[in-house]
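The values are calculated or read from the model by the stated rules, or taken from the named source; none is laboratory data. All values reported here derive from a predicted model rather than from experimental measurement. Neighbour counts are summed over all protein chains in view; Cβ atoms, including those assigned to glycine, are modelled from backbone coordinates with ideal geometry.
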Amino acid sequence: MAITVEATFENGVLKLPEGVPALTEGERVWVTLHIWGERDVVQTSYGLIGWTGDSETVQRVALDPEFSVLESP
C-alpha cells in the first residue's frame with residue numbers, strides 16, 4: 001500500500017495530519033521527502049509515464065505543436 005500525505009516539519013519532527021491510516025506498532029515504512037517549491041513540474045512528474053526511451057525523443061514529442069492541447073478538437 002502506498003499513500004501520500006502532506007506533513008509539516010516542526011521542532012525537528014514531521015507532523016502528519018489527523019486521519020492517516022493507522023500503522024501496526026513497530027511497522028517499518030519508506031519515507032520520501034519532496035520539499036515544496038524546490039522542483040519544477042518536469043522534475044516532479046519524472047517517471048510517471050514509465051518512459052523507457054531517450055530524453056531527446058520525449059522532449060521532441062512534448063514540444064511538438066502537433067500534440068499541443070491547442071490542436072485538440
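Hey, among 28, 39, which residue is at pLDDT 85 or above and in a loop (DSSP other than H, G, I, E, B)? Step through it out loud before you land on a result.
Values: 39 fails: at pLDDT 85 or above.
Every option except 28 fails the conditions.
Can residue 5 be described as in contact with a Phe, Trp or Tyr (Cβ under 7 Å, 6 or more places away or on another chain), modelled with pLDDT under 85 and surrounded by 10 or more Cβ atoms within 10 Å (Cβ to Cβ)?
no
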